[in-house]
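A quick write-up on the structure given underneath.
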Amino acid sequence: MKLEISLFKFDKKSDYLPFYTKHFLKIKSEKTLLDILNTINNENPFGYENDGNFDLVVNGLYLKASVTITQLVEKFGKELTIDPISVRRAGNDLIINDNDFNEKLNVLNDFIKEEDKKAYIELKHYYYASDTLNHKSDYIGDAVLILASDLIAANKSNESKILEALNNHEAGASFHTSLENRILNFDKSVEEKIIDIQKKLNLISQEKQNFRVNNTLIIDFEKFEDTNDIKHDFKDFNIAYYASKSSDKTESLLNKLDAKFLNLDSLKLDLAKSTFSKNQDITYCVATTIMLDAFDNNADFLLVDNDDDFYIFDYNRKALEKCSGRDVILPVIHLNELQKLVAGEHTSVNKTLVKHQVNPEII
């Protein structure tokens with residue numbers, strides 16, 4: 001088996017910008033990603049840690065150097081791009097300056113012992129995997145929230161004081177975005193710990209949230225109908241699909257189209273909808289990233305599959321533009337509208353299209 005590897009390179013002492021070196025590696029005795037790094041290093045030395053627990057990013061997912069080559073190929077194929085866990089904090093190739101991670105632990109100083117500090121170090125990949133850091137560098141960090149959950153479980157008498165310490169941090173738990181799509185073989189119990197902390201801090205609304213901020217208009221997208229007669233296959237269209245739920249009916253419809261569906265990492269980002277009533281900013285920042293990435297990659301429209309996502313992306317454009325400093329003009333189409341367009345039900349679908357903030361003007 002032969003792998004094509006793009007390896008991140010950057011020396012803060014001599015390089016102005018990072019770059020990638022290409023390596024075509026024929027697998028012989030190598031079993032893990034760490035073995036691959038060691039083989040490359042033997043021929044072309046670079047900065048990394050020769051340790052199976054070394055944290056890395058491969059093709060956009062966070063993982064450990066101990067991951068097997070078999071797992072990598074099954075997930076990504078034979079073309080691998082290897083990055084440090086924080087490109088902006090890279091100092092010597094794959095080795096980063098992690099002072100920001102270490103400093104965030106200070107919020108729990110009154111409650112931790114030496115073994116807790118060691119446990120925190122093991123949570124480093126959860127800290128850097130958070131998309132929130134791309135929008136809020138002073139975010140308290142998922143690693144702190146996970147450790148806080150463990151500390152409370154170990155000693156309930158400290159719960160109120162730990163929650164108070166977390167609550168006093170300006171960029172706290174309300175800025176959390178899900179880690180589920182960002183870490184290879186993610187343990188969902190980790191996300192459950194963070195959600196439990198958010199619930200204890202009363203950050204998750206128990207009521208139906210209103211994503212139509214400053215807009216009272218409600219659109220009835222009606223029900224999704226199966227479509228066998230394809231009158232418009234959307235050939236020559238580039239579609240960015242932000243999928244929040246999987247459905248056999250949805251997949252069946254999309255598979256019948258000749259459109260190009262963009263494969264963008266941003267389309268897997270979490271909008272932090274559960275805490276929207278407490279913190280709209282992080283939702284707007286993520287939504288802006290998704291919209292602009294789709295626009296910059298020549299999407300004709302953003303496709304969503306539920307009402308809430310439609311309102312977030314289409315009805316809050318002024319807030320999105322404030323986040324980015326750019327006009328956000330990409331049209332948004334609801335899946336149910338796409339179904340009607342595919343079936344040629346133009347009169348019916350036009351009733352909702354004209355109510356969009358940006359009319360797709362497809363008809």
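The values are calculated or read from the model by the stated rules, or taken from the named source; none is laboratory data. Small disclaimer: the values here were computed from a predicted structure and weren't measured. Methodologically, a virtual Cβ is constructed for each residue, glycine included, from the backbone with ideal geometry; neighbour enumeration extends over all protein chains shown.
Observations
- From the options Phe19, Phe46, residue that is hydrophobic (A, V, I, L, M, F, W, C), modelled with pLDDT of 95 or more, farther than 16 Å from Val73 by Cα and touching an Asp or Glu at 6+ places or on another chain (Cβ under 7 Å): Phe46
- Beta carbons closer than 7 Å, at least 6 apart along the sequence or on distinct chains, pair a first residue in region 71-90 that is in contact (Cβ under 8 Å) with a residue 12 or more places away in the chain with a second that is among the acidic types (Asp, Glu) and exposed (fewer than 15 other Cβ atoms within 10 Å of the Cβ) for Lys78/Glu4; Glu79/Glu4.
- Of the residues Asp308, Asp265, the single one that is charged (D, E, K, R), in contact with a helix residue (DSSP H, G or I) (Cβ under 9 Å, 6 or more places away or on another chain), closer than 30 Å to Asn167 by Cα and in contact (Cβ under 8 Å) with a residue 60 or more places away in the chain is Asp308.
- Restricting region 108-127 to residues that are part of a loop (DSSP other than H, G, I, E, B) and touching a Leu at 6+ places or on another chain (Cβ under 8 Å), the residue that is surrounded by the fewest Cβ atoms within 10 Å (Cβ to Cβ): Ile112
- Lone qualifier among Leu17, Leu105 - being in a loop (DSSP other than H, G, I, E, B), over 21 Å from the mean Cα position of the chain (by Cα) and not β-branched (Val, Ile, Thr): Leu17
- Answer from Ser174, Ser137, Ser178, Ser157 - the residue that is polar (S, T, N, Q), within 18 Å of the chain's Cα centre (by Cα) and surrounded by fewer than 17 Cβ atoms within 10 Å (Cβ to Cβ): Ser137
- Selection status of Ile183, β-branched (Val, Ile, Thr), surrounded by 14 or more Cβ atoms within 10 Å (Cβ to Cβ) and not assigned by TED's automatic domain parsing to the domain that holds Leu320: yes
- Of the criteria (1) outside the structural domain of Phe295 (by TED's automatic domain parsing); (2) under 27 Å from the mean Cα position of the chain (by Cα), which one Asn215 fails: (2)
- Note on region 237-255: residues that are loosely packed, with under 14 Cβ neighbours inside 10 Å and either on the phi > 0 side of the Ramachandran plot or in contact (Cβ under 8 Å) with a residue 60 or more places away in the chain (or both) total 2.
- Scanning region 191-224 for residues that are surrounded by 13 or more Cβ atoms within 10 Å (Cβ to Cβ), of a type in the set (D, E, K, R) and in a loop (DSSP other than H, G, I, E, B) turns up Arg212, Glu222.
- Looking at Glu337, Glu345, Glu361, just one residue is in the same structural domain as Ser246 (by TED's automatic domain parsing) and modelled with pLDDT under 95, and that residue is Glu345.
- All positions within region 244-274 that are at pLDDT 95 or above and of a type in the set (A, V, I, L, M, F, W, C): Ala259, Phe261, Leu262, Leu264, Leu267, Leu269, Leu271, Ala272
- Residues that are closer than 30 Å to Lys200 by Cβ, of a type in the set (S, T, N, Q), out of contact with any Phe, Trp or Tyr (no Cβ under 8 Å at 6 or more places or on another chain) and touching a residue at least 24 places away in the same chain (Cβ under 8 Å) do not occur anywhere in region 323-336.
- Test: residue in region 158-168 that is of a type in the set (Gly, Ala, Ser), part of a helix (DSSP H, G or I) and farther than 23 Å from Tyr62 by Cα: yes
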